[in-house]
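> I am attaching a structure below and will ask some questions about it afterwards.
Values quoted throughout were computed directly from the atomic coordinates according to the rules given, and no laboratory measurement underlies them. These figures come from a predicted structure and were not determined experimentally. No Cβ is skipped: glycine too gets one built from the backbone with ideal geometry, and neighbour counts run over all protein chains shown.
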Amino acid sequence: MSESDAVAAPGVESIIAGKAPGMRARYLKDAAARWIVWLGGLGVIGALMLIFVYLLSEVMPLFGGAHIDARQSFAMPGPAAQTLYVAAEEQGEIGLRVTDGGELVFFDLYDGSVRDRQALPGGDAGVSGIAELSAERGELAAHLRDGSVTLFRHRYRVSYPGDRRLITPEVEFPMGAEPLAFMDEAGRGLVARSERGALVLAAIDTNGDVQIKRFDRRENFLGEVEVQERERQRFTPAVKADILLLEPLLTWLYVVEREAGRIAMYRLSSGNPELVNVYDVGARVREARYLAGGISIVVAQDDGRVSQWFPARDEGGQYYLARVREFRLPDGSARPTAIGPELRRRTFAVGGSDGSVSLFHATAGRRIGTEQVLDGEIALLAFNPRAQYLMAIGADGQIRGFDVDNEHPEVSFKALWGRVWYESYDEPRLLWQSSAATSDFEPKFSITPLSVGTLKGAFYAMIFAIPLAILGAIFTAYFMSPEMRQIVKPTVEIMAALPSVILGFLAGLWLAPFVETNLPGVFLTLILLPLSVPIFGFAWSKMPRALRYRVPPGWEAAMLVPAIALVVWVCFAIAKPIEAVVFGGNMQAWMDHTLGIGYDQRNALVVGVAMGVAVIPVIFSIAEDAIFTVPKHLTLGSLALGATAWQTLVRVVLPTASPGMFSAVMIGMGRAVGETMIVLMATGNTPITDFSMFSGMRTLAANVAVEMPESEVGSTHFRLLFLAGLVLFVFTFLLNTLAEVVRQRLRARYSNI
């Protein structure tokens, strides 16, 4: 080492030593930033996981099943007589037993002690049967052995002496305590209904004929009910009459034959009932009951099956009794012996010959659970009105009660995603209808129409947004002059600040009526406008050079503005004459009658345009940045090697920018999938599975926004809205994950260019 080198070395060390503290600070800042970013990323992931866990915690009870807890078992309270009817009051504390001796016995459902005993007027001669006139109001009809009928109501008065609840049973006679003259002899199989001021009684006489008697039921100004006989009918049914079932609306009468397993369906009219048809059940019938709502009947068969039936229309519009679905007891050797339907839901209990009780839900088409309750055959089953208590009576008179926790019986995989044959429909369908005005309503909880509506809205929005946003980003970043780019890019990006509620407001109140009125002009614009742009570009290239050189490079797009305005004006100017000549003056009517395509004013076309306007700034901004940030040395190198600007764009710029452009499209699609207000205000909010651009839809997000305020906390409806949110969350998560995987592969593939 020379002397000069020896002298220089300490100088270098002193310089490094002098800068060491600054380097250490820089390293500390870099490490702190790295940890902050890392912790922020973990925080985002943790927040997403917490959202997922919360949604899952609200959804899981839907699939929890039923819980049945047994109470005490006790002997039948009251006299040693045949039990014709049992019921439980609202709170599940007091039960009612009606005997064939005409006695009403109210008893405690915890220990079986008798609370009260009353005799029915005229019941000394005996009672042959009990029919529910209105289970909701507790109204019953007792068929006396002399052929007359006594109508009564069991009610329960609640008081709080000493701050303790006391339930007192009462018996009322809303139509008077005097029995109504019905038949001249003893009968069986009594059914009774009261609807629209009419009281109808039907029973089977000793000859096997069916007698029907109608009464007018009027209430005077004092609140007293008067009953007057109107007409009597008698006919011989097509099958042996063992069980009668009368529809609450007094339209249908079903006559069931036990041994042969047949059902005769009759339409009630002013004359004798009209036979519709006779249907074979397939096995001996043990029991048949109406479900809640009075539309479906369930039939217990000797072969271990329980079948559900209700009226439907065939292709010719004629009514028939449709066998909709079947249920089986879990033990193949057990036979169903009793049916106990709930009062307000399509859930019903089936008692077996082996002493088991199985819970089923008709709409969901599933067995909820099975419990072994007695050692012998079950004779009667009854729920209280809240369906929180189930009473099972054995053939030996033993009673056993159960507290039932069955909050969400309507939920099953098929009910959520598959086609379900709902009551009053002619075929299985995908429907969402969560509420109605009456308690007899059958909820329809299919999430499929909402999922299809979400994809439909996103699809039409992306069709409108992707071409405009991507092509606009390419032109802005690659061909447009810097001065014009500084005007166009901020202008498009500021569109993202428009509130979606404003876009939805404009789409619903202005765009939807405009499109409906000018539908031919809209279609002409969608067809001719994309064609006019390349035609204008070709025509501009043929212009004299002196004219073309007057426009600065990169400002050619400004020349398109008047051309586009002219094309749009021409399209709407010639639309009305074309509509008059080709479509008879009304394109919507022509589409409906000729093509069978209906037109809704607020449809997917309107949503696609409005939501596309909301999505375009997002896609445009990210894609334009991705294209503009392609390294200049790649572009200049390609041009230096003799490639044209278009060749450089297609073979160098777009492949390099493809990861960012793909991310832009995926982020835009995520925005379209989660959009709420535009879809809410610009569509008819109809949950259908039609992909037509001329029909409306309902999305998952819009459905949650509409129905969450009116849903009962903890109800099936409430939790299904959380399930819709969970489906949307999982869908966007999978979509973003797929987008990131594709982006990383594109980035790895083109990183070496």
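> Given charges of +1 on the Cβ of Lys and Arg and -1 on the Cβ of Asp and Glu, with all other atoms neutral, how large is the dipole of the chain about its Cα centre, in debye to the nearest 20?
Dipole size: approximately 3800 debye.
> So which lysines can K213 reach, going by Cα to Cα under 29 Å and dropping same-chain residues fewer than 8 places off?
Counting by Cα, and skipping residues close in sequence, K213 has these lysines nearby: K240.
> Please identify every one of the trypsin sites (Lys or Arg not before Pro) in region 411-459 that sits in a loop by DSSP and has no more than 16 other beta carbons within 10 Å of its own beta carbon.
R419
> Also, quick follow-up: So which of K456/K489; K456/K632; K414/K456; K456/K576 end up more than 32 Å apart by C-alpha?
Check vs 32 Å cut-off fails for K456/K632.
> More than 33 Å apart: what percent of Cα pairs in region 67-420 qualify? Could you put the intermediate results ahead of the total?
Numbers: 17130 of 62481 pairs.
Percentage above 33 Å: 27.
> Oh, and also: Report the gain in length on full extension from L39 to F63: 0.36 nm times residue separation, minus Cα-Cα distance, nm rounded to one decimal.
On the way: separation 24, 0.36 × 24 = 8.64 nm, distance 3.59 nm.
Extra length from L39 to F63 when fully extended: 5.0 nm.
> Shifting gears a bit: Straight distance only, please: which aspartates and glutamates reach the Cα of K542 with their own Cα at less than 16 Å, same-chain residues fewer than 8 apart left out?
Cross-link targets: E556.
> Then there is this: For the charge dipole of region 450-750, defined by +1 on Lys and Arg C-beta atoms and -1 on Asp and Glu C-beta atoms about the Cα centroid, which residue among Y460, F572, A657 has the Cα displaced farthest towards the positive pole?
The Cα lying farthest towards the positive end belongs to A657.
> I've got another one for you. Out of the trypsin sites (Lys or Arg not before Pro) in region 347-401, which ones are loop residues according to DSSP with at most 10 other C-beta atoms within 10 Å?
Taking region 347-401 and a limit of 10 other Cβ atoms within 10 Å, no loop trypsin sites (Lys or Arg not before Pro) are found.
> Report the percentage of all Cα-Cα pairs in region 450-750 whose separation exceeds 23 Å, rounded to a whole percent. Kindly include the intermediate steps, with their values, before the conclusion.
Values: 29026 of 45150 pairs.
Pairs farther apart than 23 Å: 64 percent.
> Something else now. If the chain were replaced by its equivalent ellipsoid, with semi-axes equal to the square roots of 5 times the Cα gyration tensor eigenvalues, what would those be, largest first, whole Å?
Output for the chain: semi-axes of 73, 36, 21 Å.
> In percent, how large is the relative contact order of the chain, given Cα pairs closer than 8 Å and 6 or more residues apart?
Computed value for the chain: 9 percent relative contact order.
> Let me ask something else about it. At q = 0.13, 0.18, 0.21 Å⁻¹, work out log10 I(q)/I(0) for region 80-155 with the Debye formula, treating every Cα as an identical point scatterer and leaving solvent out; two decimals please.
-0.35, -0.67, -0.90
> Which loop-located chymotrypsin sites (Phe, Trp or Tyr not before Pro) does region 503-596 contain, where loop means any DSSP state but H, G, I, E or B and the Cβ has at most 13 other Cβ atoms within 10 Å?
Here the sparse-neighbourhood loop sites are Y549, W555.
> Taking the Cα-to-Cβ direction at E93 and at E259 and moving 7 Å from each Cα, how far apart do the two end points lie in nm?
Spacing of the two 7 Å Cα→Cβ label points: 4.9 nm.
> Which three extents, in whole angstrom, do the alpha-carbon atoms of region 652-705 cover along their principal axes, largest first?
Per principal axis, max minus min of the Cα coordinates gives 46, 24, 16 Å.
> Which values, in whole Å and largest first, are the semi-axes of the equivalent ellipsoid of region 136-293 obtained as the square root of 5 times each eigenvalue of the Cα gyration tensor?
Semi-axes (√(5λ), whole Å): 32, 20, 14.
> Let me ask something else about it. Using a 7 Å offset from the Cα along the Cα-to-Cβ direction at both N220 and A705, what is the distance between the two label points in nm, to one decimal?
5.9
> In addition: Just to be sure I follow: if Rg is taken over the C-alpha atoms of region 359-501 and Rh is the Kirkwood radius over the same atoms, what is Rg/Rh? Mind dumping the intermediate values first?
Details: Rg = 28.7 Å, Rh = 21.1 Å.
A ratio of 1.36.
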